[in-house]
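Following: one structure in structure tokens, then a few remarks.
The values are calculated or read from the model by the stated rules, or taken from the named source; none is laboratory data. Model, not experiment: these values are computed from the prediction. Backbone-built Cβ (ideal geometry, glycine too); neighbour counts: all protein chains shown. We work out accessible area using only protein heavy atoms, side chains counted, and drop any ligands, DNA or RNA first. Shrake-Rupley method; radii C 1.70, N 1.55, O 1.52, S 1.80 Å.
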Amino acid sequence: MTLVLQAVVNGLEMGLVYALVAVGLAIIWGLMEMINFAHGELLMLGMFGAWWFSTTLHLDPLLAIPPVALVMFGVGRLIYTLLMRRVQRGETFAQIFATIGLFFFLQNSAVAAFTSDYRFVEGGLLSRLSGINLHLAGLSVGLPLLIAGALALVLFLALYLLVERTEFGLALQATSEDREAAMLVGIRPQRMFAVAWGLGAALVAVAGAILANFFAAYPQVGFPFTVLAYAIVALGGFGSILGTLLAALLVGVVQSVTVVYLPPAFKDAFVFASYLLIGLLRPQGLFGKF
Amino acid sequence: MTALLEVDGCTKRFGGLVANHDVTLAIEPGEIVGLIGPNGAGKTTLFNCISGRLHADEGRIRFAGADITRLGADRICHLGVARTWQIVRAFGRMTVLDNVMCGAFGRTNRTSEARVRARRLLDFTGLAGHEPVLAANLTLADKKRLEIARALATQPRLLLLDEAMSGLTPLETAAAVDLVRRIHAELGLAICVVEHVMEVVMPLSHRVVVLDHGEKIAEGEPRDIVRNELVIRAYLGDRYGAGR
Amino acid sequence: MPALALAAAALIALALPIPLQVAGYSYFVTVAFLVILNAMLGVGWNVIGGWAGQFDFGPNVFFAVGAYVAALLAVHLALSPWLGLVAGVGAAVVICAVLTWPITQLRGHYFAIATVAIWMIAQPIGATWELINGSRGLFLPLRPATGPLDAVVSLRFPGRSKALAFYYVILVLFAVTLVLLRMVDRSKLGFYFRAIRDDQEGAEGIGIDSRLYKVIARSITAAVFAAAGVVYAFWALAVFPEQVLDLNWSTFPMMATVVGGIGSLWGPVVGAVLLIPISQLMGATLGAGPLAGRGIDLVVYGVIIMLVAALRPNGLLSLPWRAWGRRLVGRRR
Ligand SMILES: Nc1ncnc2c1ncn2[C@@H]1O[C@H](COP(=O)(O)OP(=O)(O)OP(=O)(O)O)[C@@H](O)[C@H]1O
Ligand SMILES: [Mg+2]
């Protein structure tokens, strides 16, 4: 029983980081209804960013977060203006196609630049804290993951406030609801799309920079995160920001509890089995409005 | 003899909003019924409940003696109810001919037969010559015609027209009214028309049902309806009522 | 497609591999095999994706079903691949119908993720299920054919003729698929699929059971994938879960369809003929030499895909081919 409780606690911590991975997609896919097959590759870039930052500049990988966010915001905008803006004119399927191209491009550019070796971030604050656990009612909570989760939560809430409480967020939401109406009140949809891509890329890359403290960085690391992120956003009800958070927590818990009972290969399968189950009971997503 | 369509105490809610409240009405075979009411009165919602797009929360709907309250839209169409949509739902990336053939396939599995029937209906509705045009490229008036042709291709006994004439020029409206008359005269269908333009709906209908805030507030012959106090207050405004 | 272009394409498809084979370039014959295999998967995916307009990311599951069913029957019952084909396709259709029926109540992106979900669940099952040997894979029995007839019946072709023989096997299957799908396209099914794609509510309003026809569309897709999977199993002589469940079996046909032009019967064929050789060619040139293993070929491939997507988001068949053809013919006269 404590085993399961422990797994739940670990899952919640991981879920917080997943929330940050998925929330960028919640904006691009959930709000703007654009498909990005290369979401995980943006995360991979964030991981390499943190790795490069810590090995070349010998600074703590957590300090890489601001520069990674800035650079990737620009990268996201660039992806929109150079590629997706044109692709948007065609079928939705063309977006899948284009971002599969982006996926090949980013992943293999990373292979070309860094080779397929595993890269570990060393000497950072979080890795020095590893092994330190907080004990609470018989459960132990790993400190590094807790810090990472808290960081993710703060960033997540900042984004939530940005989307829900600011004029910019309202404009973003208006664009997602009705593009023509948004134009009538003076919002430029293309600008909104570009910023959404920038935000989405920055967020997932920051999640990557955090994750680099726990997982090896390598060019193919992204895809499993892409798949998970799609499941989380759909579970959360497609564009509902808080729904994304709750769904991410759920996914983290399902994963870690599954591993208690079954081989690790099944952990994602159970996430998706829960998706199907919930989808069939509540077709509008776990927390979605109609 | 029982009526073709019987709506008995139909209530439909959207959360707290009651879009239809205890609506009861009947349509006889071969009758043209006008369904009117101000914006948001619940006309489209009633059509949705009858055609199976939505399901009524309370009440029963019977068509030709069969209970259709909980049937899916496709089943209800097979039983003989066809409809058009206030916001047109033509199959935009299919040609005009293919659109109507889709309707005809409800009664036949043979492509050649569906094509023959579809062409006949395109002639009937005045769309002949537009066969290879993509539906998305039609004018609004032609799209509405196309929806009528497509609905007729399913060989209904009851046709529900949701604002088939709104947004049209006076000339197009006249043509549409003529089409409805011909559908009634030559095909003998029962027709229920939702329409805002009184000058159109009053002369066309044998009987008029008035909805307001989801409730039926009046029912009767057109000339009685235009004199009905409740209706005038709710909907027609002083202009039309006072003018008579 | 005009009859002339069709005849020319058929002739090329039939004749092209022979000089390659004679000249000893059996590698290129294998590329041709992959082109046709992906073209076949593309026209199959086009049914659910292009005609019925549903996002389906997981048809590769049925590729695996076909491969495994035929392989199991060959291993345990020594059944001929052709009977395995029938069984594999049948199993895929049944499994697809059963799995797809519940998820058709989901729409749009939710449906898409559900197809991904089925694939994600299939992977660990494939990797751990003892019946199919888990990740150790299932090996087809090796037994030389007793004669030419036996070779065709049991799909065992000796050494150098293998690439060519399998090319013609997949070509025949592909031709059969095209003929059948063309019939579907022009039948009530094809009309209903496209009606659902264009407007699901409108389709239901004229008597179309959208869930039923989505299941039928996806089952047709599954049948095509399973057939290709059977051939792939006998070509590869082994079935590994991570190989037959590889996402590329979904994405490559999808990409071929989008490049060629989604929704038209020939779009995926055009796309596969362009994409697969490019990727193979790039693998053979840029992927070799001093930079081998550094993914340069795939970087370039990615750029090409993005360029095509940005310049022709509606596919290459959306170009004014007909007008160009007319101008070309006119000039010659
Ligand atoms: N799917 C829905 N969800 C929530 N509310 C709805 C829905 N459909 C309709 N309504 C509400 O129900 C009420 C009745 O709408 P309905 O469309 O039936 O009116 P109507 O009489 O057809 O109006 P109009 O003349 O403008 O077409 C309106 O207040 C509308 O906002
Ligand atoms: Mg209405």
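Largest GNM mean-square fluctuation across A:Ala202, A:Ala150, A:Ala234, computed for chain A with C-alpha springs under 10 Å, falls on A:Ala150. Among C:Arg294, C:Arg312, C:Arg218, the residue with the largest mean-square fluctuation in a Gaussian network model of chain C, with springs joining Cα atoms closer than 10 Å, is C:Arg294. Per the accessible-area calculation with a 1.4 Å probe, the total area buried between chain A and chain C rounds to 4000 Å². Pairs of lysines in the protein assembly as shown whose Cα atoms sit within less than 17 Å of one another amount to 4, provided the residues are eight or more positions apart or on different chains. By a 1.4 Å probe calculation restricted to protein chains, A:Lys267 has an accessible surface near 70 Å², given to the nearest 10.
Once the Kirkwood radius over Cα pairs is known for the protein assembly as shown, the Stokes-Einstein relation at 37 °C and 0.692 mPa s delivers a diffusion coefficient of 109 µm²/s.
Each of the peptides C:167-178, C:2-13, B:96-107 was scored by the mean count of other Cβ atoms within 10 Å over its residues; in descending order, highest first, they stand as B:96-107, C:167-178, C:2-13. Here is the size of chain B from its Cα atoms: Rg then Dmax, 17.7, 56 Å. What is the sum of charges, Lys and Arg at +1 and Asp and Glu at -1, for the other residues whose Cβ falls under 14 Å from the Cβ of B:Glu131? Within the 14 Å Cβ shell, the charges total +3.
Rounded to the nearest 500, the 222 nm mean residue ellipticity of chain C from helices alone is -24000 deg cm²/dmol, with -39,500 (n - 2.57) taken per DSSP H run of at least 4 residues. Of B:Arg115, B:Arg62, the residue with the largest accessible area leads and the full order is B:Arg115, B:Arg62 (1.4 Å probe). Within chain C, the percentage of alpha carbon pairs spaced more than 33 angstrom apart rounds to 28%.
Count Lys and Arg as plus one, Asp and Glu as minus one, and take only other residues whose Cβ is under 11 Å from that of C:Asp150; the net charge is then +2. Per residue of C:244-255, other chain Cβ atoms within 10 Å of the residue Cβ number 2 on average.
Remark: spin-label model distance B:Asn39-B:Thr2 equals 3.9 nm, labels positioned 7 Å along the Cα→Cβ axis.
Counts of other chain beta carbons within 10 angstrom of each beta carbon in peptide B:83-91 average 4. Overall shape of the range A:144-239 was characterised from the C-alpha gyration tensor. The equivalent ellipsoid obtained from it has semi-axes of 29, 15, 12 Å, in decreasing order.
Ligands, DNA and RNA left out, the accessible area of the protein assembly as shown computed with a 1.4 Å probe is 65% carbon and sulfur. With the charge dipole of the protein assembly as shown set up from +1 on Lys and Arg Cβ and -1 on Asp and Glu Cβ about the Cα centre, the Cα lying farthest toward the positive end among the listed residues A:Ile65, C:Leu311, C:Gln200 is that of C:Leu311. Neighbours of B:Arg60 by Cβ distance under 14 Å: Lys/Arg scored +1, Asp/Glu scored -1, total -3. The peptide list A:172-178, C:22-28, B:82-88, put in order of mean Cβ contacts within 10 Å with the highest first, becomes B:82-88, A:172-178, C:22-28.
When the surface is traced with a 1.4 Å probe over the full set of protein chains, B:Leu17 keeps roughly 110 Å² accessible. Normalised by the number of residues in chain A, the average gap of Cα pairs under 8 Å and 6 or more apart makes the relative contact order 39 percent.
The residues C:Thr221, C:Thr285, sorted by heavy-atom accessible surface at 1.4 Å with ligands and nucleic acids left out, run C:Thr285, C:Thr221 from largest to smallest. Protection proxy ranking for B:121-133, B:191-203, C:65-77, A:156-168, using the average of other Cβ atoms within 10 Å per residue and placing the highest first: C:65-77, B:191-203, B:121-133, A:156-168. Heavy-atom accessible surface of the protein assembly as shown, averaged per residue, reaches 41 Å², computed with a 1.4 Å probe.
Both radii are taken from the alpha-carbon atoms of chain A; with Rh as the Kirkwood radius, Rg/Rh is 0.97. Between B:Arg120 and A:Glu180, the modelled label-to-label distance comes to 3.8 nm, taking each label 7 Å out from Cα in the direction of the beta carbon.
Mean partner shielding of peptide C:107-119, defined as the number of other chain Cβ atoms within 10 Å of each residue Cβ, is 6.
Measuring nothing but how far apart in sequence close Cα pairs (under 8 Å, 6+ apart) lie, relative to its length, chain B scores a relative contact order of 25 percent. Put a dot 7 Å past the Cα of C:Gln105, heading toward its Cβ, do the same for A:Arg191, and the two dots end up 4.5 nm apart. Reducing the range A:170-187 and the range C:138-186 to their Cα centroids gives an inter-centroid distance of 55 Å. Here the Gaussian network model covers chain A, with springs between Cα atoms less than 10 Å apart; of A:Pro219, A:Pro66, A:Pro263, A:Pro263 fluctuates the most.
Dividing the helix sum by the residues of chain A, where each DSSP H run of 4 or more adds -39500 (n - 2.57), gives a mean residue ellipticity at 222 nm of -22500 deg cm²/dmol. Across A:Tyr261, C:Tyr213, the residue with the most accessible area heads the list, and the full order at a 1.4 Å probe is A:Tyr261, C:Tyr213.
Shown for the range C:1-142 is the translational diffusion coefficient from the Stokes-Einstein equation, using the Kirkwood radius over Cα pairs, a temperature of 20 °C and a viscosity of 1.002 mPa s: 120 µm²/s.
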